[in-house]
1. By how many nm would the segment from GLU443 to ARG60 grow when fully extended, if each residue of separation counts as 0.36 nm and the alpha-carbon distance is taken off?
2. So, R0 is 60 Å and r is the distance between the beta-carbons of GLN49 and LYS261; what FRET efficiency does that work out to, to 0.05?
3. If the cut-off is a Cα-Cα distance under 26 Å, which lysines reach LYS92, setting aside same-chain residues fewer than 8 apart in sequence?
4. I'd like the distance separating the alpha-carbon centroids of segment 242-299 and segment 410-433, in whole Å.
5. For TYR206, TYR166, TYR359, TYR292, give me the order by solvent-accessible area with a 1.4 Å probe, most accessible first, ignoring ligands, DNA and RNA.
6. Kindly report, to the nearest 10 Å², the accessible surface of ILE85 as traced by a 1.4 Å probe over protein heavy atoms only.
7. Using a 7 Å offset from the Cα along the Cα-to-Cβ direction at both VAL393 and LYS274, what is the distance between the two label points in nm, to one decimal?
8. Just to make sure I understand: if all protein chains stay in place, what is the order of MET459, MET520 by accessible area at 1.4 Å, largest first?
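The values are calculated or read from the model by the stated rules, or taken from the named source; none is laboratory data. Since the structure is predicted, the reported quantities are computational estimates derived from the model, not experimental observations. Positions of Cβ are generated from backbone atoms using ideal geometry, with glycine treated the same way; all protein chains shown enter the neighbour counts. With ligands, DNA and RNA removed, areas are computed over all heavy atoms of the protein, side chains included. Shrake-Rupley method; radii C 1.70, N 1.55, O 1.52, S 1.80 Å.
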Amino acid sequence: MKPENTSSSSAQGPEKKTQHDFGRAEGLAVADRQFFVTIGHDGLIGALQKLDKELQNSGRNKILSKKSPTDWIGKEVVPGRFGIINHGGLPKVLTRPGRYPGFPFRNWWARSWVGTKGLSDTAIEFNGLTVVQVSQNQAAVISDPQNRIFVVKNSGFVAFAIEGSYDVLAIVDQTHLPGVIKDKSTGVTLGWTHEVKMKSSNGEQYHVALFLNIPANNCAILQKGDDLELLPAGQHYITNPNVTLRGMFTQGENQMEMPTKDIFTRDQVPVSLKIYLKWQLTEPLKLTTHGYHTPFDALKDKTQSILTQIVAHLDYSAMVKQRSLGPDNMEDGTDPSSAFLDALRTRAMDEMHEAALEYGIVLKDLAVIDRQFKGEIASTMDKLTTRALQAQVEAANVDRENSNKVKQEEGSLSVARIKAQARNTQADSEAYGVVAAAKAQAERTKIEAEAQAEATRLMAEAEAEAVRIKAEADAKVIDQFAREMELRRVEVQRVGAFGNKTVFVPSDGPGTVMGSTMAMGLAAGMGADRK
């Protein structure tokens, strides 16, 4: 069985490959076969007409029947289907819809009605005539009369085999391949596959084609002899028996926890570690060249070797205190071995990073997340270490409680100090308000007194001026009658002011003595009445 092609991809863009190209093997192209017509825009009927012309031009019998359809009797061919007649072992095709009677009788014994087939059927095989039509997500695996395997995608063909036959081995749905390939270490799905086999005359089955569906960010490695090729994500198929699938890989980030074998410390205490690894495969060809099937297989051996060398330089006590070898676990520098342990961590990361690059892997993180000590020495030392750790924990708890009490008292003192400051501030504010109010009241009284004095002075001046003006006016009166009338008016005003029962006593002359006598008599009378 001679292969025709090796692989094909439906992915967009150029494929990443090595210097060796496995694209095509020696053999005919799909259409370079005798009596083989590709179905084009004119559909199946047009392809059958082209095939019929090729057969006539080569001097062979045509496959399209000359019969004309009627509408009253015979076998019926409906639109969308075509009829097939077995004419002495050769196929005859009825392409026009209608009824076809069994006349003429001269060759009725050599013909038999087979039935009808759909114009859109995927695969049709009859007496050397083969019709294959596949949709966009399908692929047909075909064996030609010389047992050469080829694959038809997104199209179809019509062929007539003079010697041998075209066998449709499988119609494959490329988007839903049944075989799932997973990473045996991480469980990540790497892709899907489907293997097409051909059954021989002795009952054995032989592999003829392999279909691959590789998801995004994944890839596959093909091998031909000593040469390797990288297939990117997409839909591919392989029909060359010299090309095999070496493996599938993911180029995304992966993480894994790995238990190590027993490692002995410097004081011969066995310890088992649990390692956390995080990596990303960037060059799958390097990993495949070194013979590893998964990146984890490559990292596992190297990690075990490097950690064995590191732990061999550590004592049991240092391993107990050092919980992790990760880059985030840094000592405070008080332990004399802390600098040595930090150097070992740096050395482990550096050596692992360099070792991973040889396999095309970028190591993102490495840490020891757990360790288990074994043996009697470890059990005894673990008890002592546990007691010491308990004492440290108790001392730390006492220090923490004392610290909390001190902080609580300091907090209470701060609160009292703040309250005293607030009270002082409030008292100062109130005193300032009283002083300001007193000053304002005094200023107000002063201003009112000055205003009252000024008003009194102005009023006195006004009254004096009025008296003066009036006196001057009175002095200017010369008429005796006018003067007498003015005196009378003054008397009337005085009586009106003190009442009409008031007795006016003169303050000089004889009236003075009479007033004094009357006052003394009045006083003596009031005294006698009191007794």
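1. In short, 124.0 nm is gained.
2. Efficiency at R0 = 60 Å is approximately 0.25.
3. Answer for LYS92, where 26 Å is the Cα cut-off: LYS50, LYS53, LYS62, LYS66, LYS67, LYS75, LYS117, listed by chain and number.
4. First find each Cα centre; the distance between them is then 69 Å.
5. TYR206, TYR292, TYR359, TYR166
6. Result for ILE85: roughly 10 Å² accessible.
7. Going by the 7 Å Cα→Cβ label model, 1.8 nm.
8. MET520, MET459
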